[in-house]
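All remarks here apply to the structure that follows.
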2 protein chains.
Amino acid sequence: MNKETLIEVHNRVKPYIHKTPVLTSELINEMVGAQVYFKCENFQKMGAFKMRGAANAILSLSNEERSKGVVTHSSGNFAQALSLAAKKMGVKAYIVMPKNAPQVKKNAVKTYQGEIIECDSNPIAREEMAAEVQKETGATFIHPSNDDAVIYGQGTAAMELLEAYPDLDYIFSPVGGGGLIAGTALAAKYFSNHCKVIGGEPKNADDAYRSLISGKIEVNDQVNTIADGLRTFLGDRNFPIIKKYVHQIIRVEEDEIVEAMKFIWERMKIIIEPSSAVAFAALLKNKSEFKNKNIGVILSGGNVDVENLPF
Amino acid sequence: MNKETLIEVHNRVKPYIHKTPVLTSELINEMVGAQVYFKCENFQKMGAFKMRGAANAILSLSNEERSKGVVTHSSGNFAQALSLAAKKMGVKAYIVMPKNAPQVKKNAVKTYQGEIIECDSNPIAREEMAAEVQKETGATFIHPSNDDAVIYGQGTAAMELLEAYPDLDYIFSPVGGGGLIAGTALAAKYFSNHCKVIGGEPKNADDAYRSLISGKIEVNDQVNTIADGLRTFLGDRNFPIIKKYVHQIIRVEEDEIVEAMKFIWERMKIIIEPSSAVAFAALLKNKSEFKNKNIGVILSGGNVDVENLPF
């Protein structure tokens, strides 16, 4: 892994992604006491940064592999991202989803022509089903976060941010499955000589926080958090990167997540999902430590059911 | 009124406003069958285009007038806009508001240091109170929409849009008090040789539509619309401009407004208020007439109570 690879990845995925805007707010700068630059992946195609990693994962396959399709298990943004990226590249996407996944999420995948295969709602059932699809179709399995091509793809968001604002002292990213923060950490390492990467994580799903303490991948006994994109845990591809290059993980309470989300909605007039708000909540909670710094915050996505809000 | 004046106005208000971004959405283009360019005044300072007109109105005063302050009657975005513009210029702002105005609106004005003067909730009471404030303080009355300086200020939004996209065939604007659409019509006249301006208006407050038919200013017997910014009626300064230069007014139903608003929220991940959605609803309703055209839509503001949504 090196800087040149990340540049190549960026060039390769460019036709399939938006170069998302970076927004600022005077009011938020005043409130935080720092210069905050929001990288708006909520404006990304299909509404989240996941499009970057999904596009790169498919582009990394051989023509023969592509002809047999790709398969993943996800009921969230990666399901939509892989479906859309595959559609744009003329590749078949199989999406393993729990039977009880919300209809709105199933519909989103169908919009992008992903083929849904239902399974029972537990981690073993979904892995077995994904393996079965692989066996039957020859499709390549692509993990939503624990995959080098996915990690590199996700890193292009922070790369764009640092190209536009090379003097950032910190970048805040949410931590879920670890793909985004690992990619962000690599981008910071390659494109800055001093920018530190900080993770925001829900206290109620603080596996990454605990993993950094114990030095091995911890899991969550329960994941009672509104940040539904962050209920997953780390993997053997991204954890070593996180362990080596992530400066700190800050945990936030559920009410802090909702407050940060509402604050962004009301003040910036943009829609972000709860998982996105976690990184900003972590900054808000510890703002006294970041006075007068230049801070990037990755707003990871904007896919939220507007008829069912937490405020 | 001429092109040079509008350019001067723009230069004058620039330090007090954002040059708001223009956003597009492939999905919306496909759905409408045209190229749609959204001018995002929801990202304007204080959350609405009104900042432009308010800033220009105060900047048009003499130093002596400024020293005595400004007064308006509004419980909506103009109250906030005049307060903020006045604050930034070191001018006192008196805001006449009905006693029963929502606390959230009063608080917004207080945030910008406007001084609220309460009155009974009817048009006569508020005009009397504004006159009283004028008499007592010497403050200059500034009407939210029926004022040349305000109209010119509002026109700078469409001017920026046409500078960026000179080939627009149409610009859609909501119609409320008439300041925005009159300014937009002047900008189209000065900065394009073919761009037509179309108003979107709630069927339940269709005074402008009826005024264009009768040739005189009509009022609404009732204003039972969710588009709270559009419950006002036209005035003698803006109506002649609208009559002369606005191509058409399209009326929309309440459910069409809510649907258009939700659509923008979900697809573009930005927050717009119901009044903003009216212009886009008018386009959606009549999309077959605008096939393959280049269309600007002014998203006028994003001030909405996220705890109290119509969906």
Inset, instruction - Give segment A:1-40 a look and list any residue that's touching a residue at least 40 places away in the same chain (Cβ under 8 Å) and facing another protein chain (nearest Cβ under 10 Å), or say none. - result: A:LEU23, A:SER25, A:LEU27, A:CYS40
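Residue check: is A:LYS269 surrounded by 20 or more Cβ atoms within 10 Å (Cβ to Cβ), more than 23 Å from A:GLY183 (Cα to Cα) and of a type in the set (Lys, Arg)?
Numbers: surrounded by 20 or more Cβ atoms within 10 Å (Cβ to Cβ): yes; more than 23 Å from A:GLY183 (Cα to Cα): yes; of a type in the set (Lys, Arg): yes.
The answer is yes for A:LYS269.
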Inset, instruction - For segment B:213-233, indicate whether the set of residues that are more than 19 Å from the chain's Cα centre (by Cα) and basic (Lys, Arg) is non-empty. - result: yes
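Could you check, for segment A:285-303, whether at least one of its residues is within 14 Å of chain B (Cβ to nearest Cβ) and open to solvent by 10 Å² or more (accessible area, probe 1.4 Å)?
Taking segment A:285-303 and keeping what is within 14 Å of chain B (Cβ to nearest Cβ), we get A:299-303.
Those left that are additionally open to solvent by 10 Å² or more (accessible area, probe 1.4 Å): A:303.
Within segment A:285-303 (the criterion being within 14 Å of chain B (Cβ to nearest Cβ) and open to solvent by 10 Å² or more (accessible area, probe 1.4 Å)), the answer is yes, since at least one residue qualifies.
Residues that are surrounded by fewer than 21 Cβ atoms within 10 Å (Cβ to Cβ): which helices (runs of 4 or more DSSP H) entirely in segment B:1-77 hold 3 or more of them?
Details: elements: B:3-13, B:26-32, B:50-59, B:63-68.
Once the helices (runs of 4 or more DSSP H) in segment B:1-77 are filtered for at least 3 residues that are surrounded by fewer than 21 Cβ atoms within 10 Å (Cβ to Cβ), what remains is B:3-13, B:26-32, B:63-68.
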Legend entry - Test: residue in segment A:55-76 that is within 12 Å of A:TYR112 (Cβ to Cβ) and of a type outside the set (D, E, K, R): no
Inset, instruction - Determine whether segment B:36-48 contains at least one residue that is touching a Gly at 6+ places or on another chain (Cβ under 6 Å), over 21 Å from B:ALA187 (Cα atoms) and not β-branched (Val, Ile, Thr). - result: yes
Legend entry - One residue from B:ALA81, B:ALA85, B:ALA93, B:ALA55 being without any contact (Cβ under 8 Å) to a residue 60 or more places away in the chain, within 30 Å of B:MET268 (Cβ to Cβ) and under 20 Å from the mean Cα position of the chain (by Cα): B:ALA81
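Are any of the residues in segment B:85-98 open to solvent by less than 20 Å² (accessible area, probe 1.4 Å) and out of contact with any strand residue (DSSP E or B) (no Cβ under 7 Å at 6 or more places or on another chain)?
Taking segment B:85-98 first, the residues open to solvent by less than 20 Å² (accessible area, probe 1.4 Å) are B:85-86, B:91, B:93, B:95-97.
From the residues that got through so far, the ones that are out of contact with any strand residue (DSSP E or B) (no Cβ under 7 Å at 6 or more places or on another chain) too are B:85.
Yes, some residue in segment B:85-98 is open to solvent by less than 20 Å² (accessible area, probe 1.4 Å) and out of contact with any strand residue (DSSP E or B) (no Cβ under 7 Å at 6 or more places or on another chain).
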Inset, instruction - Return only the number of the condition from (1) in contact with a Leu (Cβ under 8 Å, 6 or more places away or on another chain); (2) hydrophobic (A, V, I, L, M, F, W, C); (3) within 10 Å of chain B (Cβ to nearest Cβ) that A:TRP265 does not satisfy. - result: (1)
Inset, instruction - Considering every residue within segment B:8-26, establish whether at least one is within 20 Å of B:VAL175 (Cβ to Cβ), modelled with pLDDT of 95 or more and out of contact with any Lys or Arg (no Cβ under 7 Å at 6 or more places or on another chain). - result: no
Inset, instruction - Residue by residue through segment A:264-288, note down the ones that are without any contact (Cβ under 8 Å) to a residue 24 or more places away in the chain and within 21 Å of the chain's Cα centre (by Cα). - result: A:TRP265
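Tell me which residues, restricted to segment A:251-262, are open to solvent by less than 10 Å² (accessible area, probe 1.4 Å) and either under 17 Å from the mean Cα position of the chain (by Cα) or at the interface with another protein chain (Cβ under 10 Å from one of its Cβ atoms) (or both).
Those that are open to solvent by less than 10 Å² (accessible area, probe 1.4 Å) and either under 17 Å from the mean Cα position of the chain (by Cα) or at the interface with another protein chain (Cβ under 10 Å from one of its Cβ atoms) (or both): A:ILE257, A:MET261.
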Inset, instruction - Could you tell me whether A:ASP221 is open to solvent by 60 Å² or more (accessible area, probe 1.4 Å) and either within 14 Å of chain B (Cβ to nearest Cβ) or on the phi < 0 side of the Ramachandran plot (or both)? - result: yes
Legend entry - Scope segment B:176-205; condition within 20 Å of B:LYS285 (Cβ to Cβ) and under 16 Å from the mean Cα position of the chain (by Cα); matching residues: B:GLY176, B:LEU180, B:ILE181, B:THR184, B:VAL197, B:ILE198, B:GLY199, B:GLY200, B:GLU201, B:PRO202, B:ALA205
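Is it the case, given these coordinates, that B:ALA277 is open to solvent by less than 30 Å² (accessible area, probe 1.4 Å), within 14 Å of another protein chain (Cβ to nearest Cβ) and among the small types (Gly, Ala, Ser)? So that I can check it myself, show each step before the final result.
Details: open to solvent by less than 30 Å² (accessible area, probe 1.4 Å): yes; within 14 Å of another protein chain (Cβ to nearest Cβ): yes; among the small types (Gly, Ala, Ser): yes.
So B:ALA277 fits the description; yes.
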Legend entry - Residue check for B:ILE142: at pLDDT 95 or above, open to solvent by less than 50 Å² (accessible area, probe 1.4 Å) and over 17 Å from B:LYS50 (Cβ atoms): no
Inset, instruction - Output yes when any residue across segment B:289-297 is within 18 Å of the chain's Cα centre (by Cα) and within 11 Å of B:PRO174 (Cα to Cα), and no when none is. - result: yes
Inset, instruction - Any chance you could count how many residues in segment B:206-225 are hydrophobic (A, V, I, L, M, F, W, C) and within 21 Å of B:ASN286 (Cα to Cα)? - result: 3
Inset, instruction - Would you mind listing the helices (runs of 4 or more DSSP H) fully within segment B:200-311 where at least 1 residues are in contact with a helix residue (DSSP H, G or I) (Cβ under 6 Å, 6 or more places away or on another chain) and at pLDDT 95 or above? - result: B:239-245, B:254-268, B:274-285
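Those residues that are in a helix (DSSP H, G or I) and among the charged types (D, E, K, R), I need them from segment A:166-190; list them, please.
So in segment A:166-190, the residues in a helix (DSSP H, G or I) come out as A:179-190.
Hit for segment A:166-190 is A:LYS189, nothing else.
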Inset, instruction - Give the residue, chosen from B:ASN122, B:ASN107, that is at pLDDT below 95 and more than 27 Å from B:PRO15 (Cα to Cα). - result: B:ASN122
Legend entry - Number of the exception - A:GLU160 against (1) open to solvent by less than 10 Å² (accessible area, probe 1.4 Å); (2) under 22 Å from A:TYR94 (Cβ atoms): (2)
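Hey, any hits in segment A:297-304 for a residue that's free of Cβ contacts under 8 Å to residues at least 40 places away in the same chain and of a type outside the set (Gly, Ala, Ser)?
Within segment A:297-304, the subset free of Cβ contacts under 8 Å to residues at least 40 places away in the same chain is A:304.
Still in the list and also of a type outside the set (Gly, Ala, Ser): A:304.
The answer is yes, given that some residue of segment A:297-304 is free of Cβ contacts under 8 Å to residues at least 40 places away in the same chain and of a type outside the set (Gly, Ala, Ser).
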Legend entry - Answer from A:LYS196, A:LYS135 - the residue that is within 30 Å of A:LYS291 (Cα to Cα) and open to solvent by 30 Å² or more (accessible area, probe 1.4 Å): A:LYS196
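The values are calculated or read from the model by the stated rules, or taken from the named source; none is laboratory data. Being a predicted model, the structure only gives us computed values, none of them experimental. All Cβ positions, even for glycine, are placed from backbone atoms using ideal geometry, and neighbour counts span all protein chains on display. Areas reflect the complete protein model, heavy atoms only, side chains present, ligands, DNA and RNA absent. Shrake-Rupley method; radii C 1.70, N 1.55, O 1.52, S 1.80 Å.
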